[in-house]
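Here the structure is laid out as structure tokens; the discussion comes afterwards.
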Amino acid sequence: MKRQLKMSLAVFISFFSVSLAASSGAMSSCQFETGPVIKAAAVAIQKHYILEEKGQALSAQLNSLAESKHFNHLCSDYQQLASALTKEIRTLSGDKHFYIEHIDNQKEAHNWIEQWQAEAPSNNYGVKKIEILPGNIGYLSLSSFHTYKNAHQTLAAAFTLLRHSEGLILDLRSNGGGDEETANAVLQSFIDPHSPFPFVIESRKGREIPKRISPQPWPSYGSDRPMVILIDGRSFSASESTAFALQQLGRATIVGNASAGGAHMMESPQSLPYGFEIGIPDKRPVSTIAGSRPNWEGQGVIPDIEAGQQEIIQIALKVVTEAL
């Protein structure tokens, strides 16, 4: 009996030692603590999110997640935690503008914004294609709205080439948005020079009226010639802003499929522990047109004419030529 007891005790001690070593190894493999990152994100969201009440609720949900240690298994992978938290926050909030990222100081472009800016020249600063279609109809495809400082010369060349067309198709399909100033510069090219933009910018501090760039940075296309804007489910943010504003004004016919539904806006990201940062939507456009919905958040821009990708150009051409 004593021999059996000694053997059992030896087995128990051996098992306990292995378990302790495994546990110790798992803890030592952690590169950071997930709890402080999540709690700091919760504080920042409560302080800055454009929808104050929703921000408070979201903050409470994140604090609960931190306490539950739900993401502790990602304590050794910065990128996986950033991706998982981004997905979680977007799911809880329904807001596609939120993001969490880990800053890699070893890379020349530290974050996605710097990477996007670095790739701007190879993407022709967002000007994807310019063409004159049959009937002297202009076609301009924009893949992104890069910063005005970098993109204005390329956009000026595009608008110069299109200035004598009879009508225009502006293709914003798969345009993920970008710089607010650039989007507004494009928008003002298509409306009366004496008319204000059909929206204000709202934040927790109040409302402000968006300003035009003066003088007009390139030949204005004007408000009289017929115009169609193409959108799809990957049209997002600033590209949706352009389409929504011109649709609300009755200036353009929207053709395609409902856009992604991201109306909220953000400025600089907020720093979090361990080199993480969070992008928090802290502004939103609000329509000033009576009877209009405030913006396109969550619903997207709804096209006037639905169209599939194969026939969308022909439908747009038909709309423009019939308007002529």
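The values are calculated or read from the model by the stated rules, or taken from the named source; none is laboratory data. All values reported here derive from a predicted model rather than from experimental measurement. So basically every Cβ, Gly included, is an ideal-geometry build from the backbone, and we count neighbours across all protein chains shown. Side chains included, ligands, DNA and RNA excluded: accessible areas come from the protein's heavy atoms. Shrake-Rupley method; radii C 1.70, N 1.55, O 1.52, S 1.80 Å.
Hey, how much of the P(r) for region 50-201 falls beyond 20 Å, as a percent of Cα pairs? All intermediate terms of the calculation are to be shown ahead of the outcome.
Numbers: 7396 of 11476 pairs.
Roughly 64 percent, once rounded to a whole number.
Using amide H atoms built 1.01 Å from N in the peptide plane, name the residues 5+ places from residue 178, or on other chains, whose amide H lies under 5 Å from its own.
Residues meeting the amide H criterion: 145, 238, 239.
If you take the beta carbon distance between residue 305 and residue 164 as r and set R0 to 25 Å, what does 1/(1 + (r/R0)^6) give as a FRET efficiency, to the nearest 0.05? Working shown, then result.
Numbers: r = 26 Å, r/R0 = 1.06.
After rounding, the FRET efficiency stands at 0.40.
So how do 81-88, 188-195, 253-260, 228-235 stack up, highest first, on mean other-Cβ count within 10 Å?
Working: 81-88: 19.0, 188-195: 15.9, 253-260: 22.2, 228-235: 23.8.
Per-residue Cβ counts within 10 Å, averaged per peptide and sorted highest first, yield 228-235, 253-260, 81-88, 188-195.
Under a plain spin-label model, where a point goes 7 Å from the Cα along Cα-to-Cβ, how far apart in nm are residue 130 and residue 205?
Between residue 130 and residue 205, the label points sit 3.7 nm apart.
In nm, what is the difference between 0.36 nm times the number of residues separating residue 29 and residue 314 and their Cα-Cα distance? Don't jump to the answer; show the numbers that get you there.
On the way: separation 285, 0.36 × 285 = 102.60 nm, distance 5.82 nm.
Computed gain between residue 29 and residue 314 is 96.8 nm.
Report, in listed order, any pair from 39/205; 211/318; 39/211; 128/283; 129/318 with a Cα-Cα distance greater than 31 Å. Before the final figure, lay out the partial values.
On the way: 39/205 25 Å; 211/318 34 Å; 39/211 37 Å; 128/283 29 Å; 129/318 20 Å.
Exceeds cut-off: 211/318; 39/211.
Could you pull out every one of the aspartates and glutamates with an alpha carbon less than 18 Å from that of residue 54, ignoring same-chain neighbours closer than 8 positions?
88, 95, 202, 282, 297
Rounded to two decimals, what ratio of Rg to Rh does region 177-324 give with C-alpha atoms and a Kirkwood Rh? Don't skip to the answer; put the middle values down first.
Details: Rg = 16.5 Å, Rh = 16.4 Å.
Taking Rh as the inverse mean 1/r over Cα pairs, Rg/Rh reads 1.01.
Classify region 114-257 as rounded, prolate or oblate, taking a ≥ b ≥ c as the square roots of the eigenvalues of its Cα gyration tensor: rounded when a/c is under 1.5, otherwise prolate if a/b is larger than b/c and oblate if not. Write out the running numbers ahead of the final one.
Working: a/c = 1.37, a/b = 1.12, b/c = 1.22.
It is rounded, given that a/c, with a ≥ b ≥ c, falls under 1.5.
Report relative contact order for the chain in percent, whole number only (criteria: Cα-Cα under 8 Å, sequence separation at least 6). Write out the running numbers ahead of the final one.
Numbers: 583 pairs, mean separation 55.0, N = 324.
Averaging sequence separation for qualifying contacts and normalising by length gives 17 percent for the chain.
GluC sites (Glu not before Pro) within region 164-263: which are DSSP loop residues with at most 16 other Cβ atoms inside 10 Å?
Working: sites: 166, 180, 181, 202, 208, 240; in loops: 166.
Sites meeting the loop and neighbour criteria: 166.
Reported to two decimal places, what Rg/Rh ratio describes region 59-135 when computed on Cα atoms with Rh from the Kirkwood expression? Display every interim value, and only then the final one.
Numbers: Rg = 18.7 Å, Rh = 15.6 Å.
Reported Rg/Rh, Kirkwood definition of Rh: 1.19.
Rounded to the nearest 500, what is the 222 nm mean residue ellipticity of the chain from helices alone, with -39500 (n - 2.57) per DSSP H run of 4+ residues and division by all residues?
On the way: 9 runs with 129 residues, N = 324.
My calculation for the chain gives -13000 deg cm²/dmol from helical runs alone.
Only bridges with both residues in region 113-248 count here: give the DSSP antiparallel percent, nearest 5. Mind dumping the intermediate values first?
Details: 9 of 19 bridges.
Looking only at bridges with both residues in region 113-248, the antiparallel portion is about 45 percent.
How much accessible area per residue does region 73-181 have, counting only protein heavy atoms and a probe of 1.4 Å, in square angstrom?
On the way: 5540 Å² over 109 residues.
With all protein chains present, region 73-181 gives 51 Å² per residue.
Under a point-charge model restricted to the Cβ atoms of Lys and Arg (+1) and Asp and Glu (-1), what is the dipole moment magnitude of the chain relative to its Cα centre, in debye to the nearest 20? Could you put the intermediate results ahead of the total?
Numbers: 28 positive and 32 negative charges, 200 e Å.
Here the chain has a charge dipole of around 960 debye.
In the chain, which helices (entire DSSP H runs) extend 20 Å or more along their own long axis, judged by Cα positions, while averaging at least -0.5 on the Kyte-Doolittle scale?
Length and hydropathy pass: 2-28, 34-48, 78-93, 148-162.
Kindly state, to the nearest 0.05, the FRET efficiency for residue 220 paired with residue 268, given R0 = 25 Å and r defined as their beta-carbon distance. Mind dumping the intermediate values first?
Numbers: r = 32 Å, r/R0 = 1.27.
Once rounded, the FRET efficiency stands at 0.20.
Using modelled amide H (1.01 Å from N, peptide plane; none on Pro or chain starts), what sits under 5 Å from the amide H of residue 199, excluding residues fewer than 5 places away?
Hits under the 5 Å cutoff: 288.
Just going by the charge dipole of region 224-324, with Lys and Arg at +1 and Asp and Glu at -1 on Cβ, which of 237, 315, 291 is farthest out on the positive end?
291
Carbon and sulfur atoms: what percent of the 1.4 Å accessible area of region 205-324 do they account for? Write out the running numbers ahead of the final one.
Working: 2700 of 5630 Å².
Of the solvent-accessible surface of region 205-324, carbon and sulfur hold 48 percent.
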